Amino acid sequence: MEAPPLKTRTNVRVFWFYSSIHSLYILYSKSLNRYYVGESENATLRLELHNNHHFKNSFTNVASDWKSYSITNAIQKMMLYTLKDS
């Protein structure tokens, strides 16, 4: 089963900041039917850490079936984050 398309949001805050080379990644859990967006210097390792419940207080801790949905590699110096409005 393919992951459903991402829903777009109209109320989005955008933050830019200086950083080293990182990857922006999107994970998908079939059991939760949910996405998770994160950033890391090593997205492959980070996926493994999420699936092994390394981050005890993280949303990803509730599932063990996270798969890479998308990875944008080598974002240099300027990182773009989008966060939903609270």
Out of residues 5 or more away from Ser70 or on other chains, whose amide H comes under 5 Å of its own, with H placed 1.01 Å from N in the peptide plane?
-> Ile26
Backbone HN-Hα couplings from phi across region 38-54 [Karplus 6.51/-1.76/1.60, Hz, Gly and Pro as x] | x, 9, 6, 6, 9, 5, 5, 5, 4, 4, 4, 5, 5, 5, 9, 6, 5
Footprinting proxy, Lys56, Lys67: sorted fewest to most Cβ within 10 Å, the residues are Lys56, Lys67
Counting sequence-distant residues (5 or more places) and residues on other chains, those with an amide H built under 5 Å from that of Arg34 are Ser29
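How do Tyr69, Tyr28 line up, fewest other C-beta atoms within 10 Å first?
Working: Tyr69 16, Tyr28 20.
Lowest count first: Tyr69, Tyr28.
Quick note: the coordinates plus some simple rules give every number you see, no bench work behind them. The structure displayed is predicted, hence computed values, not measured ones. A quick note on method: Cβ atoms are made from the backbone with ideal geometry, for glycine too, and the neighbour counts reach across all protein chains shown.
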